[in-house]
Amino acid sequence: MPVIELDYRELCELSGINKAPEWFIDTIPSLGASFEGAEGDTLRFEFFPNRPDHYSVEGVARTLRYYTGSEVKEYVVSPSDKTVIVEDAVKKIRPFIACAIARGVHIDERALKSLIGLQEKLHLTVGRRRKKVAIGLHDISAVKFPVVYYADDGKSTKFKPLGSDTLMTPSEVMEKTEKGREFGWIVGNGPFPMLKDEKGDVLSMPPIINGTMTALSEGTRDIFIDVTGTDFNVCSGVLNILCAAVADRGGRLESINIRNKESTITTPEIVSSKILVDLKLLNSLIGVKLSDKEAIELLRKMGHTASLNGKRLEVHPPFFRMDIMHPVDIVEDAAIALGFANLGHSLPVFQTIGKRLNSTLLKERVAELMVGYGFTQVITFMLSGTAIEFDRMRLERGAAVRLQNPVTEDRDILRTSLLPGMLLLFEANRHNELPQKMFEIGDVHSPEKKGMVAAASAHSKASFAEIKSLAEALKRDMASTLKFSVSSDPRFIEGRQMEMLDEKGRVGIFGELHPEVITNFNLATPIVAIEFELDRFAKLR
């Protein structure tokens, strides 16, 4: 969860609450945060991820104003004739953009630091490290509209990226700048999303970096905000959070017309949604007996506009609340406003006694047996790689759960077997003395999820007889009824392997690993291994 640093004096100024730091330290956690410490005038809070509007001092101050009785502020967006033109080619790369203008913003050192901090916190959380959403903040005095959102081939345009005095092409930005190397994986090798104005000057290269030409500075009064991404609703929600923040700094909001070949839309959209909440549901979930007037007042303390509509409450959440999706979210806000400490105490209506699941007891029994057989339990990574799971194991590439955006090529799927991870452990410990014996109990995805048990033994005299005796011991001690049969699995040596069968088919396999598999993991020691589905191997008795 993000940790936000709040300047105490600025918090007092923006909230209009002149109380000692201790009051803020006691009050803010009740709104969904934990106090992480203080240093001088800086208070540090870790905020819950469901409230991205709290990722800046402006948002926290706003919530405190409402919480302490101030009227809910009405935000106004004035129409403008400014346009952003979206070209067709960019829709295939990063299709959505939402924009706004804020004029007359009071930008000093503290305000600039807060806005940049909010931008980065939104990038990291809601934006999924800029993959889903990226934000550009620009000094509008350097921009001549209309602005064009287009796709560049990486060589046609040159601009000075933020923090540099050198003209670069987008391809050079990817190679030579820190941000290009850090976020280049999002757009790959091009084409690259770009924003330029009517003069042809580049504003930004989302989601990588802004241009120097429109950089904010102390004294900036008018700001152009762009939010690009892969989900328009998220882009619009992030834009609304930014608009509320700059409006709380004195900014006057203006709209932007977003135009493509098919249509024109206007952003930001600060029209609040409508949610109907049954008062009985609210009281039932919280465990209180509130009247409609009391519930409306509690919701007002959280920034909502509410009224009675028949037998239900008609609630209009603030336009910057991305987390409100369901009547239960409204009920939660009412509980927060009431204070969890004020809900009272009562015993549960139903008395229940917790106990471990049978599957857990079965895992514990297997683990106990394996330790008794002289094996050490290990836990390997759930993420694996196609080459590790298939190529190194002498298997044809098959079905697997694949990651959409793997950080590295060797971690692009969920593991399909426990054995490759254990062989990687043997590889990492190949310089340690033998014998090495290990086992693991865990899930695999092939692509369906299965609970598996695997064990392996590495030493110079490892043989089929050793691993078969382990399989027989497990079968005996777990009272299993499985049958053993000759098998032909490319991971194991032909003639030195067997499979375990039930009435539905193969449950597991054991034998001597093939020499090619062993050398594929840079090992030279004979290894025997077993792997089977736990819940089909035996039932808890």
Worksheet entry | Top-ranked residue of the range 467-487 - restricted to ones that are charged (D, E, K, R) and surrounded by fewer than 17 Cβ atoms within 10 Å (Cβ to Cβ), ranked as nearest to S359 (Cα to Cα) | D477
Practice prompt. With a cut-off of at least 1 residues that are without any contact (Cβ under 8 Å) to a residue 40 or more places away in the chain and under 30 Å from T220 (Cα atoms), name the strands (runs of 3 or more DSSP E) lying wholly within the range 248-362.
Written response: 264-267
Item to complete: Scan the range 363-389 residue by residue and report those that are free of Cβ contacts under 8 Å to residues at least 24 places away in the same chain and either among the hydrophobic types (A, V, I, L, M, F, W, C) or not assigned by TED's automatic domain parsing to the domain that holds A428 (or both).
Response: V371, A387
Discussion item. Condition first: surrounded by 17 or more Cβ atoms within 10 Å (Cβ to Cβ) and either modelled with pLDDT under 95 or in contact with a strand residue (DSSP E or B) (Cβ under 9 Å, 6 or more places away or on another chain) (or both). Can you find one or more residues in the range 346-359 that meet it?
Written reply: no
Worksheet entry | Residue in the range 257-269 that is surrounded by 20 or more Cβ atoms within 10 Å (Cβ to Cβ), more than 28 Å from the chain's Cα centre (by Cα), closer than 19 Å to R62 by Cβ and assigned by TED's automatic domain parsing to the domain that holds R110 present | no
Item to complete: Examine the range 149-161 for a residue that is within 29 Å of the chain's Cα centre (by Cα), farther than 26 Å from I241 by Cα and outside any strand (DSSP E or B), and state whether such a residue exists.
Response: no
Fill in: All strands (runs of 3 or more DSSP E) inside the range 29-96 with 1 or more residues being at positive phi and outside the structural domain of A337 (by TED's automatic domain parsing)
33-39
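What number of residues within the range 217-247 satisfy the criterion of being outside any strand (DSSP E or B) and β-branched (V, I, T)?
6
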Discussion item. Quick check on this structure: which one of G310, G287, G303 is farther than 30 Å from I85 by Cα and in contact with a helix residue (DSSP H, G or I) (Cβ under 8 Å, 6 or more places away or on another chain)?
Written reply: G303
Worksheet item: Is it true that some residue in the range 177-200 is among the β-branched types (V, I, T), crowded, with 21+ Cβ neighbours inside 10 Å and not in a helix (DSSP H, G or I)?
Response: yes
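Considering each residue of the range 1-28, count those that are assigned to a helix (DSSP H, G or I) and among the basic types (K, R), and give that number.
The total comes to 1.
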Response to the item:
From the option list A387, A400, single residue qualifying as in contact with a strand residue (DSSP E or B) (Cβ under 6 Å, 6 or more places away or on another chain) and either within 24 Å of N429 (Cβ to Cβ) or surrounded by 16 or more Cβ atoms within 10 Å (Cβ to Cβ) (or both) is A400
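Residue by residue, here is whether (1) part of a helix (DSSP H, G or I); (2) small (G, A, S); (3) touching a residue at least 12 places away in the same chain (Cβ under 8 Å); (4) touching a Leu at 6+ places or on another chain (Cβ under 7 Å) holds:
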site: E396; (1), (2), (3), (4): no, no, no, no
site: F439; (1), (2), (3), (4): no, no, yes, no
site: P447; (1), (2), (3), (4): no, no, yes, no
site: A465; (1), (2), (3), (4): yes, yes, no, no
Worksheet entry | Answer from L112, L122 - the residue that is crowded, with 22+ Cβ neighbours inside 10 Å and out of contact with any Gly (no Cβ under 6 Å at 6 or more places or on another chain) | L122
Fill in: Boolean, M452 is part of a strand (DSSP E or B), farther than 17 Å from F439 by Cα and within 43 Å of the chain's Cα centre (by Cα)
no
Fill in: Per-region count, the range 68-80, residues touching a residue at least 12 places away in the same chain (Cβ under 8 Å) and exposed (fewer than 13 other Cβ atoms within 10 Å of the Cβ)
4
Discussion item. Can you find a residue that is surrounded by fewer than 21 Cβ atoms within 10 Å (Cβ to Cβ), in contact (Cβ under 8 Å) with a residue 12 or more places away in the chain and in a helix (DSSP H, G or I) anywhere in the range 499-514?
Written reply: no
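Each row is one residue, and each column tells you yes or no for (1) of a type in the set (K, R); (2) touching a residue at least 24 places away in the same chain (Cβ under 8 Å); (3) surrounded by fewer than 22 Cβ atoms within 10 Å (Cβ to Cβ).
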position: R62; (1), (2), (3): yes, yes, no
position: E87; (1), (2), (3): no, yes, yes
position: A98; (1), (2), (3): no, yes, no
position: A102; (1), (2), (3): no, yes, no
position: G117; (1), (2), (3): no, yes, yes
Worksheet item: buried (at least 20 other Cβ atoms within 10 Å of the Cβ) and within 22 Å of V407 (Cβ to Cβ) - does that describe any residue in the range 140-157?
Response: no
Worksheet entry | Selected residue (only one of G229, G237 is more than 24 Å from I107 (Cα to Cα), buried (at least 24 other Cβ atoms within 10 Å of the Cβ), of a type outside the set (D, E, K, R) and within 26 Å of the chain's Cα centre (by Cα)) | G229
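The values are calculated or read from the model by the stated rules, or taken from the named source; none is laboratory data. From a predicted model like this one, the values you see are computed outputs, not experimental measurements. Glycine also receives a Cβ, built like all others from the backbone with ideal geometry; neighbour counts cover every protein chain displayed.
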